[in-house]
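To keep things clear, I will list the structure first and then write my remarks on it.
Throughout, read-outs are computed from the coordinates displayed, never taken from laboratory work. Computed from a prediction, not measured in an experiment: that's the story for all the values here. Methodologically, a virtual Cβ is constructed for each residue, glycine included, from the backbone with ideal geometry; neighbour enumeration extends over all protein chains shown.
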Amino acid sequence: MRLVLLVLLVLFVAFRTSDKFNSHILESWPKPEHEEALDSNQVLLGRMLFYEPMLSSNGMVSCASCHSPYNSFAHTDHALSHGVDDRIGFRNAPALINLAWRKNFMWDGFSKTISEQIMFPVDHPDEMGSSFDSLPDKLRKDGGYSVFFQRAFGDPNINEQRVVKAFTQFLFSLVSANSKYDQVKRREAAFTNQESEGYGVFKQHCAGCHAEPLFADNRYSTNHLPVDTAIKDYGRMRVTGKVSDSLLFRIPTLRNIEYTFPYMHDGRFKSLWQVMDHYQSANLTSHSPKSSSQIIKLSPNEKVDLMAFLLTLSDKEFVFDPEHSYPINAFREKSRYQSKH
């Protein structure tokens, strides 16, 4: 038993320094795609930058504007994300959880590395509308960030590489692994009869794409939706140029799905009931030659049972963790240093 615990500690201590995190990771989890030893000071700095509107061109939009901690770092205000000057984005902002297990990023895999994913929204004219290479100068002029860079990196030098590093630290610290489902798997809780029935429905109809324990996949698949004629989003094909990748999107995680509405890449469904209805609709056959074999036929009771199980994937400890929210104390401290300069 001690040997098993030691192995788990060695495998996963690199992702968060707290004992709470390590205790929530199961041996059944796959090895992460990215190994990043976390430092608490770098994580805090990344968290501050995540909530910093100064990074945008108009000083009003931060990363948290589209990725709310109370929605599992997804966004629920609109079907599509809104950026500077209320410009409408191209897609619904997905949940930023368990990113260390991602091979690449975005709905279509456009960003091949976490660094690219960090830089892209800052540079995009419809998101933050700024330029990433201008951020170090902005942060230096602020006057309060140098102390936090000193703590994080050993000296007050502010550059692009350190900004990326701090963001990476915070994003990779966002690990959600303590839902009721996880507690059941650790034999700390038990499903109700309805949740257990829903788990059976899930394994029969949904697990092929949303594989446990991440309930996500690095593959791309059709969601059988017709193209929104206003957006004209053809998914993965925009990246690869292959017709065979038309209308393929990343398989998103179902963890914390209770909090991440609206659903799909374009946010067209406001509820999970609508998603269920979509996947058992005969209209699927009009969007893919293989769709007729993928229609999910559920009875009303099965739909309710499935919903009960999906709610066990909610990690309330993660969603409402004050360590992920706006770092008010750190910003107050930063303001005190600003007043001295």
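I'd like the GluC sites (Glu not before Pro) in region 92-193 restricted to DSSP loop residues with at most 11 other Cβ atoms within 10 Å, sorted by number.
Sparse-neighbourhood loop GluC sites (Glu not before Pro): Glu188.
Under 1.5 on a/c is rounded, so check that first for region 141-290, then, if it is not, pick prolate when a/b is larger than b/c and oblate when it is not; a ≥ b ≥ c are the square roots of the alpha carbon gyration tensor eigenvalues.
Taking the square roots of the gyration eigenvalues as a ≥ b ≥ c, region 141-290 is oblate.
What does the helix-only formula give at 222 nm for the chain: each DSSP H stretch with n ≥ 4 adding -39500 (n - 2.57), the total divided by the residues, and the result rounded to the nearest 500 deg cm²/dmol?
Per the formula, -10500 deg cm²/dmol.
Is region 71-188 best put as rounded, prolate or oblate by its Cα gyration tensor, with a ≥ b ≥ c the root eigenvalues, rounded for a/c under 1.5, and otherwise prolate when a/b is larger than b/c, oblate when not?
Cα axes put region 71-188 in the oblate bin.
For a test of the definition: using alpha carbon positions, the gyration tensor, and the 1.5 limit on a/c, classify the chain as rounded, prolate or oblate.
Judged from the Cα gyration tensor, the chain comes out oblate (a/c at least 1.5, b/c at or above a/b).
Are any of the pairs Lys103/Lys180; Lys31/Lys165; Lys165/Lys270; Lys185/Lys232 more than 32 Å apart by Cα-Cα distance, and if so, which?
Beyond 32 Å: Lys165/Lys270; Lys185/Lys232.
How much length is gained if the chain between Arg151 and Ala190 is pulled fully straight, taking 0.36 nm per residue apart and subtracting their Cα-Cα distance, in nm to one decimal?
Gain on extension, Arg151 to Ala190, equals 9.7 nm.
If the chain between Asn41 and Val227 were fully stretched, how many nm would it gain, using 0.36 nm times the residue separation less the Cα-Cα distance?
62.5 nm
About its Cα centre, what dipole magnitude does the chain give when the only charges are +1 on Lys and Arg Cβ and -1 on Asp and Glu Cβ, stated in debye to the nearest 20?
Using only the charged Cβ atoms, the result is roughly 340 debye.
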